[in-house]
1. If we keep just the residues of segment A:177-236 that are touching a strand residue (DSSP E or B) at 6+ places or on another chain (Cβ under 8 Å) and more than 10 Å from every other protein chain (Cβ to nearest Cβ), which is surrounded by the fewest Cβ atoms within 10 Å (Cβ to Cβ)?
2. Looking at B:58, B:49, B:114, B:41, can you tell me which residue is modelled with pLDDT under 85, under 24 Å from residue B:156 (Cα atoms) and small (Gly, Ala, Ser)?
3. Within segment B:185-216, count every residue that is among the aliphatic types (A, V, I, L, M) and closer than 16 Å to residue B:56 by Cα.
4. Could you please find all residues in segment C:251-307 being among the small types (Gly, Ala, Ser) and part of a helix (DSSP H, G or I)?
5. State which residue is farthest from residue C:217 (Cα to Cα) when the search covers only segment C:1-40 and only residues that are β-branched (Val, Ile, Thr) and more than 13 Å from chain A (Cβ to nearest Cβ).
6. What tally of residues in segment A:8-48 results from selecting those that are among the β-branched types (Val, Ile, Thr), within 11 Å of chain B (Cβ to nearest Cβ) and either in contact with a Phe, Trp or Tyr (Cβ under 8 Å, 6 or more places away or on another chain) or within 18 Å of residue C:109 (Cβ to Cβ) (or both)?
7. Determine, yes or no, whether residue B:44 is more than 8 Å from chain A (Cβ to nearest Cβ) and either under 22 Å from residue B:132 (Cβ atoms) or part of a helix (DSSP H, G or I) (or both).
Amino acid sequence: MARSSLTLGPSLAERARRPSALVARNFFVQVRAVPYVWASGLLEPILYLLSIGIGIGHLVGKVPGPGGALVPYAAFVAPGLLATSAMNGAIYECTTNIFAKLHWAKLYDAVVATPLGPTDIAVAEVGFATFRCFLYAGVFLATMAALGDVRSWWAIMCLPAATLVGAAFASAGFAASCFMRSWTDFDKVQMVAMPLFLFSATFYPLSELPRWLQLVVEALPLYPGVALCRQFSLGHPSASAFGYIIYLSVLALLAGEVSRRRVTKLLTP
Amino acid sequence: MQALPAPLRPLSYFWVSFRRTWMSTLSTTFLTPLLYLASLGAGLGALVGHGQRLASLGGQDYVSFVAPALLAATAMQVAIAQATYDVWGACNPWSGAYRSMQASPISVGQIMTGHMTWIAARALLACTLFLVVSAAFGTVHSPEALAGLAVGPLTALTFAAPLAAYSVRARHDQPFTVVFRLFMLPLFLFSGTFFPVSQLPVGLRYVAYALPLWHSVELSRSLYAGKFGLLAGLGHLAYLAGVAGIGLVLARRSYRVRLSR
Amino acid sequence: MSTGTRVSARGLRKSFGDFTAVDGIDFEVRAGEVFGFLGPNGAGKSSTMRMVGATSERTGGELSVLGLDPSHDGATIRSRLGVVPQEDNLDLELSVSDNLFVYGRYFGIPRRELRARIVDLLHFARLSERATEKVDNLSGGMKRRLTIARGLVNEPELILLDEPTTGLDPQARHLLWDRLYSLKQSGVTLVLTTHYMDEAEQLCDRLVVMDKGHIIAAGSPRELVDRYATKEVVELRFPAGEARRALEEVDGLARRVEALADRVFLYTDDGDETAEEVAHSGLRPTSTLVRRASLEDVFMTLTGRQLDD
């Protein structure tokens with residue numbers, strides 16, 4: 001009945017196994033119970049792509065892409081929407097859901113009574129949200145290709161780029177959720193995500209803006225994702241890509257550390 | 001304080017809870033269309049025909065084309081958000097507002113009309129604020145736009161009534177996500193809001209004509225531009241009022257079924 | 001599995017900022033027994049349970065659970081514990097059997113073995129018929145039984161139950177007691193908290209009485225009653241507010257007397273005789289009741305207050 005009490009700390013395999021059990025739980029719940037919610041999430045960015053890319057694109061014509069060459073508006077806006085959908089997917093998964101499990105369903109209180117600890121919970125939830133972003137990004141990228149919005153084999157790099165955007169915003173969302181006090185606090189999340197979506201050079205080239213505003217936009221956390229995806233999908237990678245990757249990685253790690261500390265404090269007082 | 005007439009008594013509940021959350025509510029219902037107007041209207045507008053008037057946009061520049069559509073879309077968004085989560089939450093057997101109203105002399109029908117009136121009032125408020133801001137963007141070309149304010153509550157009822165009929169009987173709130181993604185979003189994106197419906201393939205064009213938001217957008221756009229045509233205008237009004245009316249009948253029935261069990 | 005110590009605490013302390021929830025307590029739980037923490041809300045029972053369950057770091061003192069230190073071997077300890085929290089925190093998005101399955105996976109139990117255990121656990125919890133139902137549809141007692149079954153999924157050596165029957169109707173409580181008793185029979189060690197003295201009397205081999213972060217008494221239920229109370233108690237009821245006045249008149253009729261707003265307790269070894277004397281004294285209570293002394297009286301004697309105040 002008793003397992004051996006002779007332990008030398010958890011093995012690496014054990015450390016990886018623990019969060020994966022919670023990830024499996026999320027798949028179990030979401031894919032099984034509400035598959036249509038998952039499916040509808042796939043469609044959302046594609047609707048934007050059709051309306052803004054094709055509909056508005058018809059009115060706009062061509063715009064200058066990352067290399068300076070003129071590209072059709074749809075091809076310009078598509079990578080912006082890809083990065084945005086990764087952000088939105090991560091926020092959708094990692095804000096209200098986390099808050100509900102923390103304070104309303106008390107799910108995590110049950111989880112910390114098992115061998116899983118608060119760190120495992122943070123890793124699992126951020127990992128799950130990131131994986132979801134990866135899947136959605138794959139479908140979106142395939143749609144872009146089908147619509148002729150992909151210009152180079154570099155575009156395949158959009159997949160890891162969008163996944164990184166997902167990881168950064170999932171960590172940030174998790175961290176933010178640990179500080180929320182009530183449901184109405186989540187309107188503030190929308191008030192951050194919405195301007196990021198609309199003003200991160202998603203819909204028009206940065207060069208359209210006055211210089212001071214360009215600097216502001218470049219500092220926004222969604223901008224590196226948009227720029228990265230755009231460089232790749234239009235086949236013009238540049239050295240700045242490294243800067244963007246570092247920006248997003250630092251954001252992911254910092255927010256991850258805040259998440260870990262805060263959730264530990266909340267769950268194991 | 002004078003007692004409100006019974007059908008309006010539910011309003012006091014909504015008013016009290018609104019006073020508690022108006023800050024965050026305003027940010028979503030008002031700032032969202034404003035940001036869209038700034039980004040997609042003004043920002044993108046600079047790229048569309050270099051900010052000039054275009055024949056394909058009915059002789060308007062792009063911001064002026066988008067602004068009235070966003071007014072209609074705002075009314076729709078307010079209505080859908082309220083008629084899904086708020087109506088559903090109010091039915092909650094333990095903490096729902098409807099349950100406590102039912103314990104008073106207010107009838108089930110009055111609960112329904114009370115909530116619908118509240119939603120229409122919220123839409124009117126959001127649209128009024130939006131009209132002021134869109135005027136600041138130089139998109140209002142006629143005093144007729146003031147009449148556009150009536151489009152807000154009417155649009156709100158068109159969406160809120162049939163949706164409330166559904167929400168009040170819904171068992172789970174998960175389908176609402178789908179309502180937002182597969183109903184509200186396509187309407188928002190393809191009802192002639194951001195580009196003329198005439199750009200759509202022929203088949204889809206007729207689908208768009210059947211969408212209630214297209215009628216609201218057309219109505220609002222004609223009033224902003226001072227080109228309200230009596231026949232077309234009345235047609236749009238009749239369509240919206242028709243959907244709202246059918247919705248109210250359905251809602252009344254659903255409320256009866258749900259709240260008296 | 002019958003000898004040895006499962007939990008031992010010495011000078012165990014827990015504070016949250018300025019507030020000290022547990023203020024230096026000593027206790028020991030032996031293998032195979034049912035050990036109880038009895039006390040009112042806020043006594044520090046749940047904080048103690050969380051430290052034993054390795055989900056809350058102690059502020060001071062020594063604590064050993066299953067021979068391990070929760071500060072270092074939390075995950076290992078938790079893998080061998082069963083926890084039944086005060087509030088049901090079942091996964092509302094999952095069915096009854098999926099709740100057990102997903103929880104078992106948190107312990108890394110292989111799927112095949114888990115499926116077999118779930119059949120037994122559902123049977124144990126009398127929930128076999130409800131296996132595929134949503135948790136939401138269960139009654140309070142069923143949810144509680146499922147939570148207990150969930151705590152057994154890893155075949156724990158030690159089970160922690162925080163107020164297992166609070167909020168249940170009498171029938172559901174008795175069914176639960178029956179299930180817990182059968183667990184005890186199978187040799188598992190149980191630690192539980194409660195503020196019901198009848199529950200403590202029914203289930204516990206040994207218990208400690210807690211108040212304001214301290215242990216104020218320890219022993220078996222019978223020992224405690226013998227030591228801190230008399231054999232019997234006469235309860236006199238009065239219209240609200242008049243009990244204190246009556247107190248003076250009955251003083252001297254029993255070994256000890258206590259008064260609440262509407263009641264006077266007379267602690268005595270012969271209840272009928274004392275009741276008779278009260279009747280002769282000319283006092284007219286609205287009702288008179290003679291009963292055996294209970295843990296409630298122990299608590300009353302020790303603190304001058306009632307348990308569920």
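The values are calculated or read from the model by the stated rules, or taken from the named source; none is laboratory data. Not measured: the values here are computed from a predicted model. As a convention, Cβ positions derive from the backbone with ideal geometry for all residues, glycine included, and neighbour counts pool all protein chains shown.
1. Step by step, filter segment A:177-236, then rank; the result is A:207.
2. B:41
3. 2
4. Within segment C:251-307, C:271, C:275, C:279 meet the criteria.
5. Only one residue tops the list, namely C:3.
6. Total satisfying the criteria: 1.
7. No; evaluated as a whole, the condition is false for this residue.
Residue-wise test of (1) more than 8 Å from every other protein chain (Cβ to nearest Cβ); (2) farther than 22 Å from residue A:157 by Cα; (3) of a type in the set (A, V, I, L, M, F, W, C).
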| site | (1), (2), (3) |
| --- | --- |
| A:50 | no, yes, yes |
| A:53 | yes, no, no |
| A:57 | yes, yes, no |
| A:63 | no, yes, yes |
| A:71 | yes, no, yes |
| A:74 | yes, no, yes |
| A:82 | yes, no, yes |
